[in-house]
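What follows is calculated from the coordinates using simple rules that are stated; it is not laboratory data. On a predicted model such as this, the values are computed, not experimentally measured, just so you know. Heads up, the Cβs are rebuilt from the backbone with ideal geometry, glycines too, and the neighbour counts pull from every protein chain shown.
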Amino acid sequence: MTGLVVVAVGGNALAADPSRDTMSDQLATVQDAALHVVELVESGWQVVLTHGNGPQIGAILRQNELSAETVPAMSLDFCGAATQGTIGYLFETALNNELRRRQLPATAVSVVTQVLVDPADPAFEAPSKPIGTFMEREEAVRAARILGWDVVEDSGRGYRRVVASPQPIAIVQREAVRTLLEQGFLVIAAGGGGIPMSETATGALVGVEAVIDKDHASAQLATDIGADTLLILTNVPQAATGFGGPQEHWLDELTPEDAEAHLAAGEFAEGSMKPKVQAALDFLTRGGRCAIITDLDSAPAALVGTAGTRIVRG
Ligand code: ADP
Ligand code: MG
């Protein structure tokens, strides 16, 4: 069985070694991911690719700090747009080279994607997403006073800026993505969760200083374009209960009810596996056929039902 699949590639699946993340390292990692994605195209899937941008945003924020005296700092919506551009460029290059090598007719194209959020989203009252570098206490206090940052102590490792992570409401460029798909393009969209935008009273869209979770944005995109399958690729082959403990149990096929029960029991960690399972459930609730969590290498097998954690309506 084939169809339209949204493939979400995690920052972790992309950043092989964050300490050695030069541009050529990034290209090499993207090239490896591209091989797996093109395999899906070759087996008949229509593909929309989304990707994370955590390490890349971190690098821009560090540049902001180092050049604060000479260049105005980039706001988070600018950072989102910039990383969609650079990572989208890497994927276009790698995917198109691989598509040509296999003589497949598709062309990959990247869409700078905005995602609508609600300015009344409770997330704005409780910023929770840590971004950028670690700071000493004094530095954090100064950043809070001078730059107006929200800062938190991050599990004994120092202080970090936190920003709001609101829920996506709609993908602004969904029609463009659909049209490109109909014309046979392999579309790269909603990179880094998309650029968060809010609508003013007069109906204008403005960029927001926030970060949308990549898994939730991918589920929103999958819903908005009527995808059959949401394939979330990370650095573990499956989700597990009792993860990392003596009772660890890797999960094959789940109903949404099973997944809800594991979520409620706290089996999936905040900020890593939990948003993936939540995104999978949101997608299924809104009409999706199947949501899968697995790693890059297992992607083709997962789509034919022999790998990954597959959540399917019973
Ligand atoms: P990505 O960049 O792909 O979003 P994350 O780090 O956010 O990656 O999420 C993947 C990580 O989730 C895995 O590396 C694993 O350590 C962690 N994780 C937390 N809970 C679980 C679980 N129950 N089963 C499997 N992995 C889990
Ligand atoms: Mg993640």
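In this label model, Arg137 and Thr107 are separated by 5.8 nm, measuring between points 7 Å along each Cα→Cβ vector.
Placing unit charges on the Cβ atoms only, positive for Lys and Arg and negative for Asp and Glu, gives the chain a dipole magnitude near 460 debye about its Cα centre. Taking the square roots of five times each eigenvalue of the Cα gyration tensor of the stretch 131-171, the equivalent ellipsoid has semi-axes of 24, 13, 7 Å, listed largest first.
Shape class for the stretch 128-223, computed from the alpha carbon gyration tensor (a ≥ b ≥ c): prolate, with a/c not under 1.5 and a/b above b/c. Across the stretch 251-291, the residues whose backbone nitrogen lies under 19 Å from the label position 7 Å along the beta-carbon direction of Asn235 are 268-277.
One Cα centroid belongs to the stretch 22-66, the other to the stretch 168-208; the line between them spans 19 Å.
For the stretch 27-76, applying the loop criterion from DSSP together with a ceiling of 13 other beta carbons within 10 Å to the GluC sites (Glu not before Pro) yields Glu69.
With neighbours defined as other Cβ atoms within 10 Å of a residue's Cβ, the residues Cys290, Cys79 order from fewest to most as Cys290, Cys79. Extending 7 Å from Cα along the Cβ direction at His249 and again at Asp297 yields two label points whose distance is 2.6 nm. For the stretch 72-217, the relative contact order works out to 33 percent when only alpha carbon pairs closer than 8 Å and six or more residues apart are counted. Roughly what angle does helix 273-285 make with the longest principal axis of the chain, taking Cα atoms, 0 to 90 degrees, to the nearest 10? Relative to the chain, helix 273-285 is tipped by roughly 50 degrees.
Taking only the C-alpha atoms of the stretch 175-222, Rg followed by Dmax gives 12.8, 37 Å. Largest GNM mean-square fluctuation across Val48, Val141, Val30, computed for the chain with C-alpha springs under 10 Å, falls on Val141. Across the chain, the longest piece that holds none of the trypsin sites (Lys or Arg not before Pro) lying in DSSP loops with up to 13 other C-beta atoms within 10 Å covers 158-285. Dipole magnitude for the stretch 149-268: about 560 debye, using +1 per Lys or Arg Cβ and -1 per Asp or Glu Cβ, origin at the Cα centre.
Taking amide H positions as modeled 1.01 Å from N, with prolines and chain starts lacking one, the residues under 5 Å from Val151 and 5 or more places away or on another chain are Val162. With the charge dipole of the stretch 35-126 set up from +1 on Lys and Arg Cβ and -1 on Asp and Glu Cβ about the Cα centre, the Cα lying farthest toward the positive end among the listed residues Leu66, Ala120, Thr86 is that of Thr86. Against the longest principal axis of the chain, how steep is helix 76-101, in degrees 0 to 90 to the nearest 10, with axes from Cα atoms? Roughly 30 degrees, rounded to the nearest 10.
Charge dipole (Cα centre; +1 on Lys/Arg Cβ, -1 on Asp/Glu Cβ; no other charges) of the stretch 178-228 amounts to roughly 100 debye. Take the Cβ atoms of Met1 and Arg100, set R0 to 35 Å, and the FRET efficiency comes out at 0.80. Considering only Met197, Val152, Val163, the residue lying farthest towards the positive end of the dipole of the stretch 122-226 is Val152, judged by Cα position with unit charges set on Cβ. For the stretch 170-269, GluC sites (Glu not before Pro) are listed when DSSP marks them as loop and at most 13 other Cβ atoms sit within 10 Å of their Cβ; the list is Glu248. Of Ala291, Ala81, Ala140, the residue with the greatest mean-square motion in the GNM of the chain, using alpha carbon springs below 10 Å, is Ala140. Entry note, the chain: the mean residue ellipticity at 222 nm calculated from DSSP H runs of n ≥ 4, each adding -39500 (n - 2.57), is -12000 deg cm²/dmol after division by the residues and rounding to the nearest 500.
P(r) tail for the chain: Cα pairs beyond 34 Å make up 21% of the total. The length gained on full extension between Ser128 and Arg157, counted as 0.36 nm times the residue separation minus their Cα-Cα distance, comes to 8.8 nm. Return a whole-number percent for the relative contact order of the chain, with Cα pairs under 8 Å and 6 or more residues apart as the contact set. Here the relative contact order equals 21 percent.
Dividing the mean sequence gap of close Cα pairs (under 8 Å, 6+ apart) by how many residues the stretch 230-314 holds gives a relative contact order of 43 percent.
Fully extending the segment from Ala170 to Glu69, taken as 0.36 nm per residue of separation minus the present Cα-Cα distance, adds 32.6 nm.
Modelled label positions at Asp32 and Thr93, each set 7 Å beyond Cα in the direction of Cβ, lie 1.8 nm from each other.
Note on the chain: dipole from Cβ charges, positive end direction compared against Ala106, Thr22, Ser218; the farthest Cα belongs to Ala106.
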